[in-house]
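The values are calculated or read from the model by the stated rules, or taken from the named source; none is laboratory data. Everything numeric in this text was worked out from a predicted model, so none of it was measured. Positions of Cβ are backbone-derived with ideal geometry, glycine not excepted, and every protein chain shown enters the neighbour counts. Each accessible area value is taken on the protein alone, full model and side chains, heavy atoms only, with ligands, DNA and RNA left out. Shrake-Rupley method; radii C 1.70, N 1.55, O 1.52, S 1.80 Å.
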Amino acid sequence: MQHGPAVRRRKLGAELRALRTSAGLTSGEAARLVGWHQSKVSRIETGTSGVKPADVRLLLDAYAVADRQLRELLMVLAGSEDSGGRTHWWHAYRGVLPPTYRDFISLESQAGAMRTLETTVVPGLLQTPEYARAVTKAAVEGLPEDRLDTLVEVRLARQDVLRADPPLELSAVLDEAVLRREVGGPGVMARQLERLVEAARLPQVRLQVLPFAAGAHIGVTGPFVIFSFSSTSDLDVVVLDHLTSSLYLERKEDLQAYTEAFNALQIHALSPEDSLDFIAGTAAGA
């Protein structure tokens with residue numbers, strides 16, 4: 001278990017080491033190609049020190065990595081730029097967002113797929129502005145209005161990943177409590193349920209409801225997110241949210257355990273078609 005920045009460095013270093021090996025280079029040969037001391041390459045590969053985006057670009061060029069998607073992902077893991085040298089949108093909120101949240105957004109922006117279990121609230125990528133505001137206000141009491149506006153703005157900006165080309169593939173299992181818990185009042189909740197019905201019809205979104213009738217289930221211990229990357233499975237990660245921080249699970253055993261848990265939840269949940277009817281029925285009765 002690690003906090004975001006440490007996991008990001010370790011995953012980036014491991015991937016750079018794999019790329020160097022694939023290029024048939026020793027760490028000493030790689031260092032000479034880019035004009036560094038061998039120890040710098042070793043520190044980067046073991047994740048014991050941070051690395052600048054410009055340094056990652058040098059290594060990727062030295063290893064003749066042409067895969068645009070992989071380069072983009074590694075540049076995001078490195079920090080502030082994409083493969084074209086442009087600053088990512090969330091860095092404009094550096095003074096507002098904690099590092100773990102920025103790391104979460106960076107992973108979300110580059111993932112090919114996201115699987116999530118939600119037991120209390122609607123997933124952030126599917127929240128309406130009013131619902132997002134009510135949830136944020138409840139989660140952080142006494143938040144100044146301008147800060148609240150900014151956090152809602154960030155939440156809505158994250159949703160662009162569902163409209164990207166290609167879009168993020170989102171699979172979500174929602175406990176029935178998510179639909180029953182009134183957030184922001186009847187009107188806000190009614191519009192949020194309508195939004196879920198719209199989202200459930202999108203080809204890149206798979207929504208399933210886990211009804212109360214299913215009883216106790218493997219997800220009762222809390223929500224989680226699994227990010228998967230189409231360019232390399234070695235960067236897949238599980239994220240567990242807590243009140244003041246997020247924990248990242250990167251071990252293959254953890255990934256396998258949470259993947260199996262999510263698969264089990266999908267089996268016990270209503271089918272996507274029945275879930276759509278269930279959400280629509282809940283909206284009609286709200």
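Overview of results
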quantity	calculated
Lys, Arg +1 and Asp, Glu -1 on Cβ, resulting dipole of the chain about Cα centre, debye, nearest 20	940 debye
Accessible surface of the chain [probe 1.4 Å, protein heavy atoms]: carbon and sulfur percent	52 percent
With Cα atoms, 0 to 90° folded angle of helix 145-158 axis to the chain main axis	70 degrees
Lys pairs under 29 Å by Cα in the chain, provided they are eight or more residues apart or on distinct chains	6
The chain, helix-only ellipticity at 222 nm - DSSP H runs n ≥ 4, -39,500 (n - 2.57), divided by all residues, nearest 500	-16000 deg cm²/dmol
Estimated FRET transfer efficiency (A164, T48; beta-carbon r; R0 51 Å; 0.05)	0.95
Cα pair distances exceeding 15 angstrom across the range 5-78, given as percent	46 percent
Given charges at Cβ of Lys, Arg, Asp, Glu: the chain dipole, positive-most of W89, G215, V205	W89
Per residue accessible area in Å² of the chain, where ligands, DNA and RNA are left out and the probe is 1.4 Å	47 Å²
Highest-MSF residue in the chain out of R71, R181, R115 [GNM, Cα springs under 10 Å]	R181
Nearest 10 degrees, 0 to 90: helix 129-139 Cα axis against the chain principal axis	80 degrees
Nonlocal amide H pairs with V51, under 5 Å, H built at 1.01 Å	none
Calculated P(r) of the chain - Cα pairs past 29 Å, %	38 percent
Translational diffusion coefficient (Stokes-Einstein; Kirkwood radius from C-alpha pairs) of the range 171-275 at 20 °C, 1.002 mPa s, in µm²/s	140 µm²/s
Principal-axis tilt of helix 272-285 within the chain, Cα atoms, nearest 10 degrees	50 degrees
